[in-house]
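Okay, so here's the structure we're looking at.
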Amino acid sequence: MTATSPVPSTAAQAAHRTGRGPEAPARVATPAATAWLDITRVLAMLAVIVVHAFAPIVTTRYTDYGTATWWAANAADSLVRWCVPVFIMISGALLLKPREEGLRSFYRRRFSRIGIPLVVWTGIYLVLEHTRWGGITLSEAIGTVLSGDPALHLYFLFVLAGLYVLTPFLRIITRYATTRMLWWFAIMMSALGMVDQAVTVFDGAGGPNAVTRFLPYVGYYVMGYLLRETDLTRRQTWGVLGAFAGSILVTGLGAGLIGHATGGWTAEADYLYTYLSPSVMVMSVTAFLLLRAFGRNCSSFTASHRDTEPARRRLKTLSDLSFGVFLVHVVVLYELRGLTGVPDHPIAMLAMASFHILAVLTVSLAVTALFKRIPVLRATV
């Protein structure tokens, strides 16, 4: 190469390899060491759709409590109650590692990521609730926003916002506290969250709002950080798998038995389904560990003897769409379910719910991918 020959940039080299041209650089591949986090995020995204597909059947909108259809939906729903806590644990694993980052920089980056989607999708869901899904008054709409629960799933953004507010200060704790002290902190916060949930359900005292909704989830957030490097032995894996299966059984069967004792799908029966019940907490922690073990040993993304970069690029693309799918999928699911209904027969219900899950996932991925290509809409997903 002569002295006057230009040195191609990394982006240009990547463009040459992929044939995309400089205006469309190659997609970045997720690192092999952290591919398990993207795998876990994608599976948690799918699990959220599954929960929402079966939830109205469990809550007896489409069948009576205790029917074969109800038990089938209860079994399916109980399998994936770990979804939201695992999302929170992923955030803790990624964000609580001590690093040099100023408050302004951190808050600007984090809240630019969720602030616009929170405002936009809150407005969209409230408008749809007012015009299509049964009606809601202005005062009721304001009340749902103040409670931090403007739509079926948007409370999660209020939880994230609160956790982001605490993160720079929690990083100081993770930097200087011992692992033992961090575990005690995580256990204590988890116990407080469980007690708070139980008191709210069984005594009717208090309840979360937009400002406090995140507090019961701090334990999950810190546990995500603590468990991010946990490797299981074969014996430990079997033990964790047993605890995971047992927690599913306790959740589904326990909810059914409590409902039988209390006269149907009551708040007491629903308690075991909440993300802060003891059984779901065990389910969530064990699911996180099992998904980490699976992801770390998934040769499609981690094998050292072959080129896994194309697979890791596709994984990164899918993982990057998960937040948008989370935001969009309820619109698609509600509209689709309104068109098809849900049959009151176990086999037909499972078939229809499976169709809903596949269709909602496909449409939500497509809508999110489209939005990400349009500058005005990109910030909303």
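Taking G264, G338, G246 as the candidate residues, the one with maximal mean-square fluctuation in a Gaussian network model of the chain, Cα springs under 10 Å, is G338. Extension gain, I173-D307: 0.36 nm per intervening residue step, less the Cα-Cα distance, totals 44.3 nm. Kirkwood hydrodynamic radius of the range 164-219, from the reciprocal of the average inverse Cα-Cα distance over all distinct pairs: 12.5 Å. As a proxy for reagent exposure, R213, R314, R104, R41 were ordered by neighbouring Cβ count within 10 angstrom, fewest first; the result is R104, R314, R213, R41. What is the local net charge at L289, summed over the other residues whose Cβ is closer than 14 Å to its Cβ (Lys, Arg +1; Asp, Glu -1)? For residues surrounding L289, the net value is +3. Per residue, the average separation of C-alpha pairs within less than 8 Å and at least 6 apart gives the range 87-229 a relative contact order of 43 percent. Normalising the Debye intensity of the range 87-229 to I(0), with uniform scatterers on Cα atoms only, and taking log10 at q = 0.15, 0.18, 0.19, 0.22 Å⁻¹ returns -0.83, -1.07, -1.14, -1.32. Taking a sphere under 14 Å around the Cβ of L232 and counting the other residues whose Cβ falls inside, with K and R at +1 and D and E at -1, yields a net charge of +3.
For W121, W71, the sequence from fewest to most other C-beta atoms within 10 Å is W71, W121. Dividing the summed helix terms, -39500 (n - 2.57) for each DSSP H run of n ≥ 4, by the number of residues in the chain produces a 222 nm estimate of -24000 deg cm²/dmol to the nearest 500. With neighbours defined as other Cβ atoms within 10 Å of a residue's Cβ, the residues L152, L276, L327 order from fewest to most as L152, L276, L327. Distance from the C-alpha centroid of the range 221-253 to that of the range 107-135: 34 Å, rounded to the whole angstrom. Helix 103-131 and the longest principal axis of the C-alpha atoms of the chain enclose an angle of approximately 50°. D by Stokes-Einstein for the chain, Kirkwood Rh over Cα pairs, 20 °C, 1.002 mPa s: 95 µm²/s.
Every number in this text was worked out from the coordinates using simple rules, so none of it is lab data. Just so you know, these numbers come straight off a predicted model, no measurement behind them. FYI the Cβ positions are ideal-geometry reconstructions off the backbone, even for glycines, and counts take in every protein chain you see.
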